[in-house]
Amino acid sequence: MDTYTDQKRHVRIVLAILLISMFLDKYLVSAAAPGFGALLGITPLFVFLDIPADLPFTFGILPVLLFFALLYAGWSYPYQARQKTRAREWLRRRIRAIVGAILIIPLTVLAGGLAYIPLHDHLPKHVRNAIESFGINLDLHTPIPGYEVIHLRGSMVMFCCLLLGGRICIRRIRGMAPYLEVPVQERTIRRAPEHAAVREHAEARGRTEGRERAAIDAA
């Protein structure tokens with residue numbers, strides 16, 4: 001299987017794990033602790049020809065990312081690796097990178113919604129109607145008093161930001177390198193460079209002593 005096919009498969013698996021994490025948040029966290037999602041939650045609202053369509057749930061960013069990290073770690077850990085310490089370090093870096101890539105999507109969408117707020121009152125009415133007739137809106141839930149729910153509009157602007165964030169996220173996911181074992185010889189040199197220096201010093205000393213003995217024998 002070529003590299004491009006592996007990259008596409010990796011992206012599909014990441015999206016599947018992300019969807020599973022969202023459903024786990026809906027049916028486990030939201031049902032058991034509804035207030036936990038309000039710490040930093042998002043309620044998407046799809047708009048088509050000025051007709052809004054609410055999704056049936058609000059998902060919390062923190063529990064979704066937590067579920068995703070756990071599920072992705074269980075799937076991507078190189079169980080066949082012989083160098084367990086290196087494998088665990090690779091997994092930690094991989095989790096940080098994949099979570100950072102996924103966070104690009106909501107951050108770009110929120111940035112688009114926030115940027116549209118000061119522009120809303122300065123745009124002509126027909127332009128506002130065109131922008132808000134198709135795309136996505138969302139409600140951002142925060143624990144800040146007085147700003148528990150922030151309504152973000154600008155459907156087409158946020159939809160374009162969603163496409164941009166999704167493209168950047170996919171490119172980062174595809175660019176992630178798989179786990180590779182370090183050759184034994186290279187690993188030995190990396191772990192104990194001082195041993196190589198000691199050996200070189202001993203060999204040089206042995207050559208010097210050999211030349212001295214040869215000089216004495218010749219005398």
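The values are calculated or read from the model by the stated rules, or taken from the named source; none is laboratory data. Note that the coordinates shown come from a computational prediction; the quantities given were computed from them, not determined experimentally. We place every Cβ from the backbone using ideal geometry, glycine too, and count neighbours over all the protein chains shown. For accessibility, only protein heavy atoms count, side chains too; no ligands or nucleic acids. Shrake-Rupley method; radii C 1.70, N 1.55, O 1.52, S 1.80 Å.
May I ask you to order 92-104, 166-178 by the average number of other C-beta atoms within 10 Å around their residues, highest value first? Write down the numbers at each step before the final one.
On the way: 92-104: 16.1, 166-178: 14.4.
The densest-packed peptide leads the list: 92-104, 166-178.
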- Separation between the Ala97 and Tyr179 pseudo-spin-labels, each 7 Å from Cα along Cα→Cβ, expressed in nm? 1.4 nm
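Given the peptides 58-64, 114-120, 19-25, arrange them by the average over their residues of other C-beta atoms within 10 Å, most packed first.
58-64, 19-25, 114-120
Once you have a ≥ b ≥ c as the square roots of the Cα gyration tensor eigenvalues for segment 88-136, tell me rounded if a/c is under 1.5, and otherwise prolate or oblate according to whether a/b is larger than b/c.
Values: a/c = 8.91, a/b = 3.76, b/c = 2.37.
Taking the square roots of the gyration eigenvalues as a ≥ b ≥ c, segment 88-136 is prolate.
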- Message: Rg and Dmax in Å for segment 60-100, alpha carbons only: what are they?
- Response: 11.1, 37
- Query: Once you list every other residue whose beta carbon is under 13 Å from the beta carbon of Leu152, what net charge do they have if Lys and Arg are +1 and Asp and Glu are -1?
  - Reply: -1
- Item | Cut-off 18 Å, label 7 Å out along Cα→Cβ of Leu19, residues of segment 95-135 by amide N | 102
- Taking a label point 7 Å from the Cα of Arg171 along Cα-to-Cβ, the residues of segment 79-105 whose backbone nitrogen sits under 15 Å from it are 101-102, 104-105
- Message: What figure, in Å² to the nearest 10, do you get for the accessible area of Lys125 with a 1.4 Å probe and non-protein molecules left out?
- Response: 140 Å²
- Message: Between Tyr27 and Leu62, what is the label-point separation in nm under the 7 Å Cα-to-beta-carbon projection?
- Response: 2.4 nm
